[in-house]
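Report on the following structure.
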Amino acid sequence: PMFTVVYDCETDETEITLNHEHEEYKWVSPVEARDRMPIEPLQIAVERAITRHQ
């Protein structure tokens, strides 16, 4: 099973500290994040965040 949480947030920081549950990260645009989501409900969640900021 997979558990995913989608956050809509902004920051001026670019440094990330990963914990033991993560191996890597990548900063992407909201549109790229939506396009990378493997299932439709996650794509919809990111699309809502994109729409709110336009």
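The values are calculated or read from the model by the stated rules, or taken from the named source; none is laboratory data. Quick caveat: nothing in here was measured; it's all calculated off a predicted structure. Here Cβ is always computed from backbone atoms with ideal geometry, including for glycine, and neighbour counts include all displayed protein chains. Remember, those area values only see protein heavy atoms, side chains included, never the ligands or the DNA or RNA. Shrake-Rupley method; radii C 1.70, N 1.55, O 1.52, S 1.80 Å.
The rows are residues; the columns are (1) outside any loop (DSSP other than H, G, I, E, B); (2) out of contact with any Gly (no Cβ under 7 Å at 6 or more places or on another chain); (3) not hydroxyl-bearing (Ser, Thr, Tyr).
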site	(1), (2), (3)
5	no, yes, yes
17	no, yes, no
20	no, yes, yes
23	no, yes, yes
26	no, yes, yes
48	yes, yes, yes
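Of all residues in segment 15-40, count the ones that are β-branched (Val, Ile, Thr) and open to solvent by 100 Å² or more (accessible area, probe 1.4 Å).
Total satisfying the criteria: 1.
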Pairs under 8 Å by beta carbon, first residue closer than 15 Å to residue 46 by Cβ in segment 14-36, partner among the charged types (D, E, K, R) and open to solvent by 70 Å² or more (accessible area, probe 1.4 Å), six or more apart or different chains?
-> 28/36
